[in-house]
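For reference, the structure discussed in these notes is given below.
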Amino acid sequence: MTLQPFATVDELAEWLGEPIDEDTDQRRAERVLRAASNLVRSYTRQQWTDEHGDLRDGLPEALADVTLSCAARYYVNPNAETQWTSQIDDAMDGGGRKVESSGIYLTESEQRMLDGVREQASGVVAKSVATIATTRGDADGYTRDGGIPWFVVNGF
């Protein structure tokens, strides 16, 4: 089942500051938004949908923000290249190189945003795990045998 993305093509166009009008561009934008939404779902370990597959009401805004940021990055630069040019006198030099991670990915700041959402949604708040020492007295009818950590029946 194809799940509904956290953002629309119109919202992506607004985010980019340019219209997405052509049919092929709209289909591509829809696919990129679905992929980015699936990455967000994977990271948060939640579907964020009701039993019918529709988005739940009152979703955290961070889901749409991260989806738009991630989708825009891939929509504008699908090859994940950086480019540079330099000019010395009349000579031009330039080139491009891949960034560390290509494809659709979450930046560290996007992951931090989603960490907060994931913690809120899980209902479990744990910053650390520790042990609690407990002691008990001898059970009725049993005594400790000379400091050895097992018990013996009294009288035997």
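The values are calculated or read from the model by the stated rules, or taken from the named source; none is laboratory data. No experiment lies behind these values; they were computed from the predicted model shown. In this analysis, Cβ positions are derived from the backbone assuming ideal geometry, glycine residues included, and neighbour counts consider all displayed protein chains. Side chains are part of the model used for accessible areas, which takes the heavy atoms of the whole protein and leaves out ligands, DNA and RNA. Shrake-Rupley method; radii C 1.70, N 1.55, O 1.52, S 1.80 Å.
Taking the conditions exactly as written (open to solvent by 80 Å² or more (accessible area, probe 1.4 Å), at pLDDT below 95 and out of contact with any helix residue (DSSP H, G or I) (no Cβ under 9 Å at 6 or more places or on another chain)), does residue 83 satisfy them or not?
yes
Go through region 59-80 and give me each residue that's polar (S, T, N, Q) and modelled with pLDDT of 95 or more.
67, 69
If residue 21 satisfies every condition in (1) under 17 Å from the mean Cα position of the chain (by Cα); (2) over 21 Å from residue 111 (Cα atoms) but one, which is the exception?
Going through (1) under 17 Å from the mean Cα position of the chain (by Cα); (2) over 21 Å from residue 111 (Cα atoms) one by one, residue 21 breaks only (1).
When you go through 36, 7, 29, 62 one by one, which is the residue that is open to solvent by less than 80 Å² (accessible area, probe 1.4 Å) and either among the hydroxyl-bearing types (Ser, Thr, Tyr) or part of a loop (DSSP other than H, G, I, E, B) (or both)?
7
Of the numbered conditions (1) more than 21 Å from residue 104 (Cβ to Cβ); (2) at pLDDT 95 or above, residue 53 satisfies every one except a single condition; which is it?
Going through (1) more than 21 Å from residue 104 (Cβ to Cβ); (2) at pLDDT 95 or above one by one, residue 53 breaks only (2).
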